[in-house]
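**Q** Below is the structure I would like to discuss, written out as structure tokens.
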Amino acid sequence: MMRVDFTKLRFLVVDDNAHMRRIVRTLLHGFGAREVYEAGDGAAGLELFATHLPDIIIVDWSMPILDGIELTGMIRRPDSAVNPYVPIIMLTGHSEKSKVMRARDAGVTEFLCKPISAKSLHQRLLNCVLNPRPFIKTRDYFGPDRRRNVSGVYAGEERRLSDDAMVVDTAPLQLRDSAIS
């Protein structure tokens, strides 16, 4: 069984609720994380993202200045000088299907509904590190492959007419690979 050494990963928690940031930070420290940076709004989160280069971002949906969807969109710009491949976990109290799909379409890697548990957060983190999804670049989207299960039998209205999406490399995995044992 593969294990993740969380001491080798840097985290950024972006949430306007200080209590929620403290809960997430405490859970991350419980998993072994040492470097956890925090921001109280999306603009501050974007600054910390550029200066601390986190390996994983945990972001709230609803925040002042830039919300989690806007922040994700700014991070996911493929021409960004900073890492647009960073895994982003959306943490929110909104669990409606439309919100989940909107987050997915913005480039969120994982989705986690409040209230959170240690187990659910841990599972999302493991998914990000142990099962990184390839990144897709199309005319309208850049981010992790939105298809979790690839099946050739799907014929619904949202089926891609052509597979003209370009699969680009996943994030540079040097740091993540060193965290996996």
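**Q** How many nm is it between the label spots at residue 19 and residue 5, if each spot is 7 Å from the Cα in line with the beta carbon?
**A** The answer from the label model is 3.7 nm.
**Q** Follow-up. Ranked from highest to lowest mean number of other Cβ atoms within 10 Å per residue, what is the order of the peptides 11-19, 55-63, 78-86?
**A** Details: 11-19: 20.1, 55-63: 23.8, 78-86: 14.4.
So the order, starting with the most tightly packed, is 55-63, 11-19, 78-86.
No lab work stands behind these numbers, since they all come straight from the coordinates. Everything numeric here is computed off the predicted structure, so don't read it as measured data. Backbone-built Cβ (ideal geometry, glycine too); neighbour counts: all protein chains shown.
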